[in-house]
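The structure appears right after this line, and notes come after that.
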């Protein structure tokens, strides 16, 4: 037995083939917490691998559907390039050659897969620029608009929703739920039109559309920043108004779920003010399900961005998509479709993973 | 064992007089009773009653449109007014860029918007119910694959996917309906799956299985009737999102160009420069119509959910 004590304990479990007695002894010497921890770590890796592989499968499904929707059942790309003007069979053949449309479907698909992985997404039918360049140019503008709208809507929505849920049955709750449902029922683009008519055309407080005034690009940093901010107000508020409702309603029902719990009774019994009980005890717990639901609604944000950018001519990805629809510019639509879908899949995967770290109950039950 | 399940043996309240009736009539009597119960609880939901009233009024206005408006005014050649006239006693909400009265357009547009919304919602909910029930009933890899597909559709930006589908299939009323249905069934599927699993654990399904009921019999005779209330509430909520989706697609120029829908009217207003012309009367009526109908369906759907789920009823 003296021999065993000199061997480092970490080696023994892995070398289990050395003998049953041997392995049993060393497992007994490791502290029980350590065994539990390594099992938990394995569990965590399995969880992460599951989530990541799920996202990869979803992404492959997106790539496959993008190919089939836009290449196979999509309209006549030759007409999209050449316009409605009549063309000779030779011109037609030349365009088909350029777009690779004369290849069999199998070859086209293989080319598509190769392009996807080499990030060569092809040229726009219209401007003959690389579609990825077009996309990267517009991406920061969309991030600015959606980011602002998201922070506005989620911040205000969670705050109002928590208060509404806390005072169930009050006039405040009923009004807030009513406002949220009304805003949810309004079509985004219509709200944008009305907002422009009231605040830009009638009151002349904000610019009608675009992201910068047509004063030439060579402005200093600060005036430029103020100019963009001035243009941002209406679109960001419109978009926030439409996605706001979800946050109010989700947060309200999560608070309602928490309300009957014992820990809140204890907190009240300690003599804490009602306000403090809500803020310090109920809200942090109610936020957890809200995080997941917010991630699930991520796709809705792109829907909102598409319509808002169209109405306000905000030069982002949504407007790019709208302009591509009008043509229709298939390579551009395809890359934007993949981008929108891919981002939502990624966001959901991250939310799932973050949720596990935020909520110990999920970790334990998994 | 393909006969009617014996309902009398389950409901303890069946009294002596019903014993003389056929099983079928007992089933119907019970359904009538639960419908009356449902209505009694629904009536207490004030918001739900408001929603229902709005829907009744709008349905009447839409159905009776031929009796109080003149459809021929919608023909470009017959336009009675001038170019983008502002509201007057003759045209309550002014005219569009070729002189057609906006109000008449909106009233007739209700047909397309409601039709597309209702049909798409029914299709989506049917698809979602079938997929959700299959995922719950069969288990194993079928369930896994169906749920992966459902999650995929829940996560993806629905409007973007619907746009892609409409572009691929070519814009028409039918393709819009298909695109909306295909992109909005997933929420129902998830809901139905959870509920089906709960129902399948109940003893009367065990009894049915023990008596040799097949998959089809279990699903149609035992699970589906119990799912129906939930499915109807889900369908009501689905109509509102389908109407919004139809409006968005039409606004983006993917609607049926020959038909008037509320989204299509807004598209024309946008393209005709109604915003810079300050022609609020061109945009207000179709948008308000969408808002009202969507809100009404949402209120009804939420009220139905509250009736079905006592936990949501709170301290009322």
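The values are calculated or read from the model by the stated rules, or taken from the named source; none is laboratory data. In this text, all values refer to a predicted model and were calculated from it rather than measured experimentally. Using ideal geometry, Cβ is built from the backbone for each residue, glycine included, and neighbour counts are taken over all protein chains shown.
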(request) Among the residues of segment A:149-183, write down those that are within 16 Å of residue B:47 (Cα to Cα), without any contact (Cβ under 8 Å) to a residue 60 or more places away in the chain and outside any helix (DSSP H, G or I). (result) A:169, A:170
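Conditions (1) within 12 Å of another protein chain (Cβ to nearest Cβ); (2) in contact with a helix residue (DSSP H, G or I) (Cβ under 6 Å, 6 or more places away or on another chain); (3) surrounded by 24 or more Cβ atoms within 10 Å (Cβ to Cβ), marked per residue:
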| site | (1), (2), (3) |
| --- | --- |
| A:295 | yes, yes, no |
| A:298 | yes, yes, no |
| A:306 | yes, yes, yes |
| A:314 | no, yes, yes |
| A:317 | yes, yes, yes |
| A:321 | yes, yes, yes |
| A:328 | yes, yes, no |
| A:332 | yes, yes, yes |
(request) Kindly indicate which of B:148, B:111 is under 30 Å from residue B:67 (Cα atoms) and surrounded by fewer than 23 Cβ atoms within 10 Å (Cβ to Cβ). (result) B:111
(request) Please verify whether segment A:138-148 includes one or more residues that are over 29 Å from residue A:292 (Cβ atoms) and free of Cβ contacts under 8 Å to residues at least 12 places away in the same chain. (result) no
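For segment B:194-273, list the helices (runs of 4 or more DSSP H) that sit wholly inside it and hold at least 1 residues that are within 23 Å of residue B:184 (Cβ to Cβ) and within 14 Å of chain A (Cβ to nearest Cβ); which are they? So that I can check it myself, show each step before the final result.
Numbers: elements: B:203-210, B:224-249, B:262-271.
So the answer is B:224-249, B:262-271.
For segment A:227-234, indicate whether the set of residues that are within 26 Å of residue B:292 (Cβ to Cβ) and either in contact with a helix residue (DSSP H, G or I) (Cβ under 9 Å, 6 or more places away or on another chain) or not in a helix (DSSP H, G or I) (or both) is non-empty.
Let us first name the residues in segment A:227-234 that are within 26 Å of residue B:292 (Cβ to Cβ), namely A:234.
From the residues that got through so far, the ones that are either in contact with a helix residue (DSSP H, G or I) (Cβ under 9 Å, 6 or more places away or on another chain) or not in a helix (DSSP H, G or I) (or both) too are A:234.
Among the residues of segment A:227-234, at least one is within 26 Å of residue B:292 (Cβ to Cβ) and either in contact with a helix residue (DSSP H, G or I) (Cβ under 9 Å, 6 or more places away or on another chain) or not in a helix (DSSP H, G or I) (or both), which makes the answer yes.
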(message) I'd like to check something: does segment B:168-189 contain any residue that is over 14 Å from residue B:120 (Cα atoms) and buried (at least 22 other Cβ atoms within 10 Å of the Cβ)?
(response) yes
(request) Test residue B:130 against the stated conditions and say whether it is in a helix (DSSP H, G or I) and either closer than 25 Å to residue A:329 by Cα or touching a residue at least 60 places away in the same chain (Cβ under 8 Å) (or both). (result) no
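Yes or no, residue by residue, for (1) more than 17 Å from residue A:359 (Cα to Cα); (2) in contact (Cβ under 8 Å) with a residue 60 or more places away in the chain; (3) out of contact with any helix residue (DSSP H, G or I) (no Cβ under 8 Å at 6 or more places or on another chain):
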residue: A:252; (1), (2), (3): yes, yes, no
residue: A:257; (1), (2), (3): no, no, no
residue: A:262; (1), (2), (3): yes, no, yes
residue: A:272; (1), (2), (3): yes, no, no
residue: A:281; (1), (2), (3): no, no, no
residue: A:288; (1), (2), (3): no, yes, no
(request) Quick one: residue B:275 ticks every box in (1) under 16 Å from residue B:54 (Cα atoms); (2) free of Cβ contacts under 8 Å to residues at least 60 places away in the same chain except a single one, so which number is it? (result) (1)
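With modelled with pLDDT of 85 or more, within 14 Å of chain A (Cβ to nearest Cβ) and out of contact with any strand residue (DSSP E or B) (no Cβ under 6 Å at 6 or more places or on another chain) as the only criterion, which of B:170, B:132, B:187, B:128 stands out? Working first, answer last.
Values: B:170 fails: modelled with pLDDT of 85 or more; B:132 fails: within 14 Å of chain A (Cβ to nearest Cβ); B:128 fails: within 14 Å of chain A (Cβ to nearest Cβ).
So the residue among B:170, B:132, B:187, B:128 that is modelled with pLDDT of 85 or more, within 14 Å of chain A (Cβ to nearest Cβ) and out of contact with any strand residue (DSSP E or B) (no Cβ under 6 Å at 6 or more places or on another chain) is B:187.
One residue is enough: does segment A:208-226 have a residue meeting the conditions assigned to a helix (DSSP H, G or I) and surrounded by 15 or more Cβ atoms within 10 Å (Cβ to Cβ)? First the steps, then the outcome.
Within segment A:208-226, the first condition is being assigned to a helix (DSSP H, G or I), and the residues that meet it are A:221-226.
Checking which are surrounded by 15 or more Cβ atoms within 10 Å (Cβ to Cβ) leaves us with A:224.
Yes: one or more hits.
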